[in-house]
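Okay, so here's the structure we're looking at.
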Amino acid sequence: MYDSGKIIIGLLLFFGLIASPIWYNLASGKGSYKPDIKIVTTEKQCVAPTPYMRTSHMDLVYSWRDLVVRENHRSYNSFTGRQYDMSLTGTCLNCHSNKTEFCDKCHSFVGEAPFCWDCHVVPKEGN
Amino acid sequence: MKIIYSLIGVLALILIVALGVGTADLQYLFGVIIPVLAALVFGVGIIYRVIKWARSPVPFHIPTTCGQQKSLPWIKSATLENPQGRWGVIARMALEIFLFRSLFRNTRVELRDGPRLAYGTTKYLWLGGLLFHWSFLIILLRHFRFFVEPVPFFVLFIQRIDGFFQVGVPILYVTDIFILLALSYLFFRRIVSPKIRYISLIADYFALLLISAIVISGILMRYFWKVDLIAAKELVLSIFSFHPVVPEGIGLLFYIHLFLVSCLLVYFPMSKLMHMGGVFLSPTRNLSNGSRARRHVNPWNPPVKVHTYEEWEDEFHDLIKGAGLPLDKE
């Protein structure tokens, strides 16, 4: 092999970078971490079926926002037939009053930080 | 026809996972075993290809140059176009790798009325290529939010820049648009021009279609057909820490995406995609043009017995001196 020094350094560098998630997770010790979100409400059901909420709650809150802000339509008829006021602070955070232990935990796990709270009020947390 | 074959190839891959996960419930196979095997093939394949390249000798000194070589001090030399030393080569390689400088010089030949042959520059391929590769890199770096915990700061930073316009839900990333545009350009470039279509092979279309399928499945997953990201990250983290567990109900689209990526990893070392490593090993780019200053020895030459000028001068020192001729050493 010619230039073996350079080739080996190059390959080591490349594989070091490619495998960086392995080193990183080893170093942080969080390779088996999963966010355990706390549901503090006494209610049994979310405003929509849980699998849907887990994957698509952002679609829901955005559709709420559009309905409220653009169409002044504030009442949400949930799948159980119950009526909810379409409000981020007043409804979502009423049941999920532990935003840091609930919304934030999930979001920081996937590197997401919705900017909603620049404007919307987060009620004082009580667990 | 070649397009149809590659399209069928990609669709067949999608069908395989769709059946495997959708009907046969083979989550562990498609979520863990195949990706891990694919990563191994990728690693071993790349080492194999690179070592194979490194074993081939470079018999001639063949850097391509398009500038003045370093010669006399009062002649201005082009250090980038015609690198003399190591730093010149490093700068030239960096421009090549990050900005595709050679492609920037792409020219086009046209037969105009007359008939008259005309040459002109054309930058579209360079632009399309640059757009594609940079978007790909940024998208790959953004994926680190699923690979590691805690999410590193640079990912958050890239996300913020990439989603600067804050359009839509979830926020639209500009690179998603760019990579789609670039891929469409690279694909249609091969179809529209009869000349390029003539020289295009199945492998050319397949690579583009496979990457397009990965991109499209990713975009669908982010914007339209949501999957459980928390569970997806759990799976990925568990593989990277060597204790694979497959959480329930991630969503079929995720498995399609993952399987297509696995196929890309396997396909990579055995295809033209190896130009990723090849660009570093191109002798026309990575040799310094010091052919006037240093001798390039063909590695397979038998040892040549040389008699240098110095030795010659030493040998005939007295005679040269006696004849009153100038000597190098005095």
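The values are calculated or read from the model by the stated rules, or taken from the named source; none is laboratory data. All of these numbers come straight from a predicted model, not from anything done at the bench. Here the Cβ positions follow ideal geometry from the backbone for every residue, glycine too, while neighbour counts run over all protein chains shown. All accessible areas refer to the heavy atoms of the entire protein, side chains included, with ligands and DNA or RNA removed. Shrake-Rupley method; radii C 1.70, N 1.55, O 1.52, S 1.80 Å.
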Inset, instruction - For B:K329, go through the lysines and keep the ones whose alpha-carbon is under 21 Å away, minus same-chain ones fewer than eight residues off. - result: B:K321
Legend entry - Percentage relative contact order, region B:4-160, counting C-alpha pairs under 8 Å, at least six apart: 8 percent
Inset, instruction - Write down the radius of gyration of region B:2-293 and its Dmax, each obtained from C-alpha positions, in Å. - result: 22.6, 75
Inset, instruction - Any chance you could give the angle, 0 to 90 degrees and rounded to 10, that helix A:4-18 forms with the longest Cα principal axis of chain A? - result: 10 degrees
Inset, instruction - Could you rank the peptides B:74-85, B:290-301 by their average count of other C-beta atoms within 10 Å per residue, with the highest value first? - result: B:74-85, B:290-301
Inset, instruction - Answer with one residue from B:F147, B:L237, B:F268: the one whose Cα lies farthest towards the positive end of the charge dipole of the protein assembly as shown, charges on Cβ with Lys, Arg +1 and Asp, Glu -1. - result: B:F268
Legend entry - Kyte-Doolittle at least 0.0, axis length at least 18 Å by Cα - qualifying DSSP helices, chain B: B:2-17, B:34-55, B:86-99, B:124-142, B:174-192, B:202-219, B:252-267
Inset, instruction - Could you order B:L220, B:L319 by accessible surface area, starting with the largest, using a probe radius of 1.4 Å? - result: B:L319, B:L220
Legend entry - Contact order relative to length of region B:2-293, as percent, for alpha carbon pairs under 8 angstrom and 6 or more apart: 32 percent
Legend entry - Pairwise FRET efficiency - B:E315 versus B:K76, Cβ, R0 = 41 Å, nearest 0.05: 0.55
Inset, instruction - Pop out a list of residues from region B:38-55 that are at least 40 Å² less accessible with all the protein chains around than in their chain alone; 1.4 Å probe, no ligands or nucleic acids counted. - result: B:A54
Inset, instruction - Rank-order A:75-83, B:257-265, B:50-58 by packing density, defined as the average count of other C-beta atoms within 10 Å over each peptide's residues, highest first. - result: B:257-265, B:50-58, A:75-83
Legend entry - For B:M274, net neighbour charge (Lys/Arg +1, Asp/Glu -1) across residues whose Cβ lies under 12 Å away: +3
Legend entry - Listed residue pairs exceeding 32 Å between alpha carbons, taken from B:K76/B:K123; A:K30/A:K99; A:K6/B:K195; A:K6/A:K34: A:K6/B:K195; A:K6/A:K34
Inset, instruction - May I ask you to list the trypsin sites (Lys or Arg not before Pro) in region B:79-159 that are in a DSSP loop and have at most 15 other Cβ atoms within 10 Å of their Cβ? - result: B:R105, B:K123
Legend entry - Inter-label distance, nm, simple model (7 Å from Cα along the C-beta direction), A:S32/A:V69: 4.4 nm
Legend entry - Cβ neighbours within 10 Å from other chains - mean over A:105-115: 5
Inset, instruction - With a point put 7 Å past each Cα toward its Cβ, work out how far A:D118 is from B:W87 in nm, to one decimal. - result: 4.4 nm
Legend entry - For residues of B:238-249, the mean tally of beta carbons on other chains within 10 Å: 3
Inset, instruction - Using Cα pairs closer than 8 Å and at least 6 residues apart in sequence, work out the relative contact order for region B:157-290, in percent. - result: 18 percent
Inset, instruction - Work out the FRET efficiency for A:M1 and B:F98 from their Cβ-Cβ distance, taking R0 = 25 Å, and round it to the nearest 0.05. - result: 0.40
Inset, instruction - Compare B:I216, B:I230 by solvent-accessible area with a 1.4 Å probe and give them largest first, with all protein chains kept in place. - result: B:I216, B:I230
Legend entry - Buried on assembly, region B:134-150 (at least 30 Å² less accessible surface than by itself, 1.4 Å probe): B:F144, B:R145, B:V148, B:E149, B:P150
Inset, instruction - Would you please give the FRET efficiency between B:R197 and B:A24, computed as 1/(1 + (r/R0)^6) with r the Cβ-Cβ distance and R0 = 30 Å, to the nearest 0.05? - result: 0.15
Inset, instruction - Would you mind telling me which residue in B:L186, B:L253, B:L137 has the biggest mean-square fluctuation in a Gaussian network model of chain B, where springs connect alpha carbons within a distance under 10 angstrom? - result: B:L137
Legend entry - Among A:S56, A:S32, A:S97: highest mean-square fluctuation, GNM of chain A, C-alpha pairs under 10 Å: A:S32
Inset, instruction - Give me a single rounded figure for A:18-29: the average over its residues of other chain Cβ atoms within 10 Å of their Cβ. - result: 5
Legend entry - Heavy-atom accessible area ranking, 1.4 Å probe, most first, across A:K34, A:K6: A:K6, A:K34
Inset, instruction - With springs connecting C-alpha atoms under 10 Å apart, model chain B as a Gaussian network and identify which of B:F242, B:F187, B:F100 has the largest mean-square fluctuation. - result: B:F242
Inset, instruction - Would you kindly state how much longer the chain becomes between B:T308 and B:L181 on full extension, computed as 0.36 nm times their sequence separation minus their alpha carbon distance, in nm to one decimal? - result: 39.7 nm
Legend entry - Cβ-placed point charges (K, R +1; D, E -1), dipole of the protein assembly as shown about Cα centre in debye, nearest 20: 960 debye
Inset, instruction - Give me the aspartates and glutamates in straight-line cross-link reach of B:K272: C-alpha distance below 18 Å, same-chain residues under 8 apart excluded. - result: B:E96, B:D204
